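S.K.: Take a look at the following structure, please.
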Amino acid sequence: MSILASNFAGISSPNPFWLASAPPTDKAYNINLAFEAGWGGAVWKTLGEDPHPVNVSSRYSAHHDMYGNLIGINNIELISDRPLATNLSEIRAIKRKWPDRAIVVSIMVPCKEEAWRTMLRKVEDTGADGIELNFGCPHGMPERGMGSAVGQVPELVEQVTAWCKHYTRMPVIVKLTPNITNILQPAHAALRGGADAVSLINTINSITGINLDTFEARPNVDGYTTSGGYCGPAVKPIALNMVSQIARNLDTQGLPISGIGGITTWHDAAEFMVLGAHNVQICTAAMIYGFSIIDELTDGLTQWMRNKGYQALSDFIGIAVPHITDWKYLNLNYKTIANINPDACIGCGRCYAACEDTSHQAIQPSIYKNQKIYSIIEEKCVGCNLCEMVCPEHDCITMIAQENKKPYLNWTQHPNNLMCEKKIEKVTA
């Protein structure tokens, strides 16, 4: 058996890398190319009732960083705009051609029991491995009472999930919206409804920019736009946080998670998995770089696993979860101080500007080997990490833990806390 072999909610695939429900999975042609390249599975672009939706033009807009790198995509594309019969026929054909790959079908229909029952029977007849309930789409479909309009109401999440579990033999994956205050509420609802797994995150409500000459936003549809779904590398921190919340919650921690959100490299995927994701879904990176990125994903994850001595994905899934805790349990007596390596310092002054203007005035100019460099004023340094983050030289600034011999002390025990609890043991998760 391959070291990357995956079993997610009873669905087997040769590796944990699936294509997310999105433009790359809207037809057999694309998915056949992806499977030839080596992808482990695909979630078919969301199916709805006939007549199929009508999309607009244009549909995407980009968010770039100050160096021109694409870090996010906003899209206002709807669910599949192809006839339902065409999609169902192609799903059946792809599954027969690629029996070892995971084929999951994303579904979105109105919150009527009969509508879900009818759609489930049609999808089940294709031989697909599972379904994903699209409760996350933040644009277009919520106006019709679907997508995130369902995902933001736990009662509806629970009800529709229960319908689906009643009417199908296939594993039911509930795709959660991030456009909500507390991700645990819909996760709990999915669990109560009997969900076999959850996937997250879906896209985030966004507007990527305004043209300051015409005052029109992007994407431009005849001079107008609407808030769309934001995805790509910029959403990864949000996704990691939400995945970890579900993985460490006592009620939901056993719920299988498919991690989604800004995954571009094997390293990104591994981060999701050590925080509790059992597999990952990828969209934006495939749209930007093509399906061939699967080679870097599988090769990189395989090499990392071998270097760590892991024989299977289960050896490290969730291994980082115990390191996540509530702020009130962090050790207030733990201290770090920045250290600047004078041989690596290029004298750019970025650390000094950041600390002097916006932080704790703990960096000063120095002379080393007749060159201007910078050094730390240790008694002023609070260990905030800002200087380390802005430094352009790798390993020039490091954070050094200090030996202060003080015992563990958290906020629940601190005398400054007027609601201090008298006896609180150390809690790490």
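S.K.: Counting only residues 5 or more places away or on other chains, whose amide H sits under 5 Å from the amide H of ALA338 once H atoms are built in the peptide plane?
M.R.: It is GLY383, ILE400, by chain and number.
S.K.: What are the trypsin sites (Lys or Arg not before Pro) within the stretch 313-408 that DSSP puts in a loop, where the Cβ has at most 13 other Cβ atoms within 10 Å?
M.R.: Filter output for the stretch 313-408: LYS369, LYS405.
S.K.: Compute the Rg/Rh shape ratio of the chain: radius of gyration over Kirkwood radius, all on alpha-carbon atoms. Please list the in-between numbers first.
M.R.: Details: Rg = 24.5 Å, Rh = 23.8 Å.
Radius of gyration over Kirkwood radius for the chain works out to 1.03.
S.K.: Turning to a different aspect of this structure: Of the residues GLN185, GLN303, GLN245, which exhibits the maximal mean-square fluctuation in a Gaussian network model of the chain defined by a 10 Å Cα contact cut-off?
M.R.: GLN303
S.K.: So for the stretch 37-184, what percent of the C-alpha to C-alpha distances run longer than 22 Å?
M.R.: Details: 4854 of 10878 pairs.
The calculated P(r) of the stretch 37-184 puts 45 percent of pairs beyond 22 Å.
S.K.: Output the antiparallel fraction of DSSP beta bridges having both residues in the chain, as a percent to the nearest 5. Walk me through the numbers on the way to the answer.
M.R.: Values: 27 of 54 bridges.
Bridges in the chain are about 50 percent antiparallel.
S.K.: Taking θ as phi - 60°, what are the ³J(HN,Hα) couplings along the stretch 330-345 by the Karplus curve (6.51, -1.76, 1.60), each to the nearest whole Hz, with x for Gly and Pro?
M.R.: After applying 6.51 cos²θ - 1.76 cosθ + 1.60, I find 6, 6, 6, 8, 7, 10, 10, 10, 5, 9, 9, 6, x, 6, 9, 5 Hz.
S.K.: So, for the chain, what is the accessible surface per residue at a probe of 1.4 Å, expressed in square angstrom?
M.R.: With all protein chains present, the chain gives 48 Å² per residue.
S.K.: Leaving out ligands, DNA and RNA, what percent of the accessible area of the stretch 247-368 is carbon and sulfur, probe 1.4 Å?
M.R.: 50
S.K.: Using each residue's phi in the stretch 206-212, evaluate 6.51 cos²θ - 1.76 cosθ + 1.60 at θ = phi - 60° and report the 3J(HN,Hα) Karplus result to the nearest Hz, with x for Gly and Pro.
M.R.: Ordered by residue, 3J(HN,Hα) equals 6, 10, 7, x, 10, 6, 7 Hz.
S.K.: Whole-Hz ³J(HN,Hα) for each residue in the stretch 349-364, computed from phi via Karplus 6.51 cos²θ - 1.76 cosθ + 1.60 with θ = phi - 60°, x for glycine and proline: what do you get?
M.R.: Once rounded to whole Hz, the list reads x, 5, 5, 5, 4, 5, 6, 5, 7, 10, 10, 10, 6, 10, 10, 9.
S.K.: Another question, if that's okay. What are the lysines whose alpha-carbon lies under 17 Å from the alpha-carbon of LYS112, with same-chain residues fewer than 8 places away excluded?
M.R.: Excluding near neighbours in sequence, the set is LYS122, LYS165.
S.K.: Of the options TYR224, PRO142, SER13, report the single residue whose Cα projects farthest towards the positive end of the charge dipole of the chain (beta-carbon charges: Lys, Arg +1; Asp, Glu -1).
M.R.: SER13
S.K.: Please compute, over every Cα-Cα pair in the stretch 337-403, the percentage with a separation greater than 20 angstrom. Don't skip to the end; give the middle numbers.
M.R.: Details: 375 of 2211 pairs.
In whole percent, the share of Cα-Cα pairs in the stretch 337-403 beyond 20 Å is 17.
S.K.: Let me ask something else. At a Cα cut-off below 17 Å, give the aspartates and glutamates reachable from LYS308, other chains included and same-chain residues fewer than 8 away excluded.
M.R.: In chain and number order, the partners are ASP268, GLU271, ASP299.
The values are calculated or read from the model by the stated rules, or taken from the named source; none is laboratory data. This one's a predicted model, so the numbers in the text were calculated from it and none came from an experiment. Positions of Cβ are generated from backbone atoms using ideal geometry, with glycine treated the same way; all protein chains shown enter the neighbour counts. Side chains included, ligands, DNA and RNA excluded: accessible areas come from the protein's heavy atoms. Shrake-Rupley method; radii C 1.70, N 1.55, O 1.52, S 1.80 Å.
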